[in-house]
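The values are calculated or read from the model by the stated rules, or taken from the named source; none is laboratory data. Please read all numbers here as calculations on a predicted model, not as lab measurements. Heads up, the Cβs are rebuilt from the backbone with ideal geometry, glycines too, and the neighbour counts pull from every protein chain shown.
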Amino acid sequence: MAPDTPSDTAVAVPGISGKRVLVTGASSGLGVHFARLFAEHGAHVTAAERWVGNVEDLCTEIVASGGQAQALQLNVPDPASVQTGLEAQGFEIVINNAGTKVSTSALDHTQGDIDNIIDTSLKGVFHVAQTAARQMKDADQRGSIVNAASKGDVLQLTRALALEWARYGIRVNVLCLSYIETELNHVFFDSEPGKALIRRVPQRRLAQPQDLDGAILLLASDLGRYMIGADIAVDSGHLVLSL
């Protein structure tokens, strides 16, 4: 797996430095990378996770490197937890990264599996976005919400929220993901089925977390100030694979 370390000289991105950034699902994979990335660019990062102990070491690491970070306990399927966690925080950028998945066939999904997927990957995205947007609106504060997702329901939700909230200066966009190598899946991609899947990727390789940097910084920062309801696919050409 390629190392996931920030560069020594981050290029300045307008509208990031000094901003309060929430990253959900920050205990592993992309959440860890996004928290480091925004801290590297001068943001005050809040790394949120259901089990807050899982992000405390990350925040300690960021602070030791000269960045600003704090840990936050947040259970995104629970509206009360989201309301309590985001109360008086005043986030200006929200990276809605928390999600879950079930590896079994849809034929074998239990009701618990279905509830877990919908509660975390759809309802959780909405709870966080809605609570953060209410605070932005009440404070008459412009903001950016980026939903990092691989599911069509989040794409449609993003478009609806973007149209409704644009009048308040709140931009909502979505980063569409493909196969990304993290510590959670590299064992599978080292297997024969995993290698067969990689051979179907147009570039014949998996994405690394840092491959998403340009897109997420564009959507979150002032560089994307005229973008609402946009979906950026970082997928090595998967969307055009059938052409």
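The table below lists the values:
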{"item": "Matching helices (runs of 4 or more DSSP H) fully within the range 186-243 where at least 2 residues are touching a Ser or Thr at 6+ places or on another chain (Cβ under 9 Å)", "result": "213-220"}
{"item": "Positions within the range 144-156 being of a type in the set (A, V, I, L, M) and surrounded by fewer than 20 Cβ atoms within 10 Å (Cβ to Cβ), in sequence order", "result": "155"}
{"item": "Selection count where residues are touching a helix residue (DSSP H, G or I) at 6+ places or on another chain (Cβ under 7 Å), without any contact (Cβ under 8 Å) to a residue 40 or more places away in the chain and of a type in the set (A, V, I, L, M), scope the range 33-86", "result": "8"}
{"item": "Flag if residue 141 is out of contact with any strand residue (DSSP E or B) (no Cβ under 8 Å at 6 or more places or on another chain), under 24 Å from residue 82 (Cα atoms), surrounded by 13 or more Cβ atoms within 10 Å (Cβ to Cβ) and touching a residue at least 40 places away in the same chain (Cβ under 8 Å)", "result": "yes"}
{"item": "All positions within the range 41-95 that are touching a Cys at 6+ places or on another chain (Cβ under 7 Å) and of a type in the set (Gly, Ala, Ser)", "result": "47, 69, 71"}
{"item": "Residues that are surrounded by 14 or more Cβ atoms within 10 Å (Cβ to Cβ) and of a type in the set (Ser, Thr, Tyr), drawn from the range 90-138", "result": "100, 120, 121, 131"}
{"item": "Subset of the range 157-176 [surrounded by fewer than 22 Cβ atoms within 10 Å (Cβ to Cβ) and of a type outside the set (A, V, I, L, M, F, W, C)]", "result": "159, 164, 167, 168, 169"}
{"item": "Close pairs (6 angstrom Cβ cut-off, 6 or more residues apart or separate chains): small (Gly, Ala, Ser) in the range 219-243, modelled with pLDDT of 95 or more and assigned to a helix (DSSP H, G or I) anywhere", "result": "224/218; 229/159; 229/162"}
{"item": "Some residue of the range 166-175 being touching a helix residue (DSSP H, G or I) at 6+ places or on another chain (Cβ under 8 Å) and over 21 Å from residue 223 (Cα atoms)", "result": "no"}
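Condition check ((1) within 18 Å of residue 121 (Cα to Cα); (2) crowded, with 21+ Cβ neighbours inside 10 Å; (3) β-branched (Val, Ile, Thr)) across all residues:
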residue: 15; (1), (2), (3): no, no, no
residue: 24; (1), (2), (3): yes, yes, yes
residue: 57; (1), (2), (3): no, no, no
residue: 63; (1), (2), (3): no, no, yes
residue: 74; (1), (2), (3): yes, yes, no
residue: 77; (1), (2), (3): yes, no, no
residue: 81; (1), (2), (3): yes, no, no
